[in-house]
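Presented below is the structure to which this report refers.
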Amino acid sequence: QEGELVFRLAEIYWDKSKFAYQTEFKTFDDDYQKWVDAGRQGKEPALAAYTKKSEAYKKQALDNYGIVLEKFPDYPRLDEVLYIMAFNQYEAGKTKEAVDNYSQLIRQYQESEYVSDAYLALGEHYFKGNDLQKSTKAYKKAYDIGEAKKRPSVSNYALYKLAWCDFNAQTYEDALSKFKDVIRRSGKETGGDGAKPGKTEKLQLKREALNDMVLTYSQLDQTKDAYEYLKREAGAPEGYRLTTKLAAVYK
């Protein structure tokens, strides 16, 4: 029970940090605009000077997550604590600590529902750092586990990012195939992670894949196939817009 209370307290501190940051940022934004309107005279406002309260709450939240992990080894939701701590650390700019905790989660709690999310987070980290090999490996693990655990929200997004990995590796046929698979899967209504994947989420992923396919088609010189496919999957007006976008690439 004590571990649960410390965990809940950490969550409260994190929420307070986000709320405080919204207020702090608005004050900073107002002051920055006044500085601009005054001809940029004097010292430029710095965001860090405005976020002391939110940073203090954030530190307290992370400290409390750490207490749960260190002092309550029998707490039944340690995998969840580790994942949330890693996620919040990454948001707080503590990248190395976050990556270490995602990796620890994967090693220690192989059957946890958060393992696929951890792989997805690592994939995003390595993709952002242009490490194609590591990002591809992480996304592939997220996809495989998402499929096995019937978590389409994870596996569909991992597949979408694997398409981008193929594009960056200049294997354009593979990228196109994966983008098409994302679009096909986005039309499915059923999900397995306790609930149906949100319709808005699926439509957004489909829209992103359709837009990104334009660049892929431009590398393959398949303009006729592109128009027919885009028109069929996006509808005539949107298909025309995307085809026009493709034409602009060739200018």
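A short reminder: the numbers here are calculations on the coordinates, not readings from a lab. Note that the structure is predicted; figures quoted are calculated from it, not measured. No Cβ is skipped: glycine too gets one built from the backbone with ideal geometry, and neighbour counts run over all protein chains shown.
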Cα-based Rg/(2.2 N^0.38 Å) for the range 38-108, rounded to two decimals, is 1.51
Per residue, how much space in cubic angstrom lies within the convex hull of the C-alpha atoms of the range 68-198?
105
Sequence order, the range 136-146: Karplus ³J(HN,Hα) from phi using 6.51 cos²θ - 1.76 cosθ + 1.60, θ = phi - 60°, Hz rounded, Gly and Pro as x, gives 4, 4, 5, 4, 5, 5, 4, 5, 4, 5, x
About its Cα centre, what dipole magnitude does the chain give when the only charges are +1 on Lys and Arg Cβ and -1 on Asp and Glu Cβ, stated in debye to the nearest 20?
640
Give, as a single signed number, the net charge of other residues whose beta carbon lies under 14 Å from the beta carbon of LEU105, with Lys and Arg counted +1 and Asp and Glu -1.
-4
For the range 81-97, 3J(HN,Hα) per residue [Karplus equation, 6.51 cos²θ - 1.76 cosθ + 1.60, θ = phi - 60°, Hz, x = Gly/Pro]:
4, 5, 5, 5, 5, 4, 4, 5, 4, 5, 4, 7, x, 8, 5, 4, 4
With N residues in the range 1-152, what two-decimal value do you get for its Cα radius of gyration over 2.2 N^0.38 Å?
1.28
Mind checking the angle between helix 115-128 and the chain's longest principal axis? C-alpha axes, 0 to 90 degrees, to the nearest 10.
70
In this model, which of LYS58/LYS149; LYS150/LYS180; LYS128/LYS178; LYS140/LYS180 are farther than 25 Å apart at the alpha-carbon?
LYS58/LYS149
On the formula 1/(1 + (r/R0)^6), with r taken between the Cβ atoms of LYS96 and GLU173 and R0 of 35 Å, the FRET efficiency rounded to 0.05 is 0.40
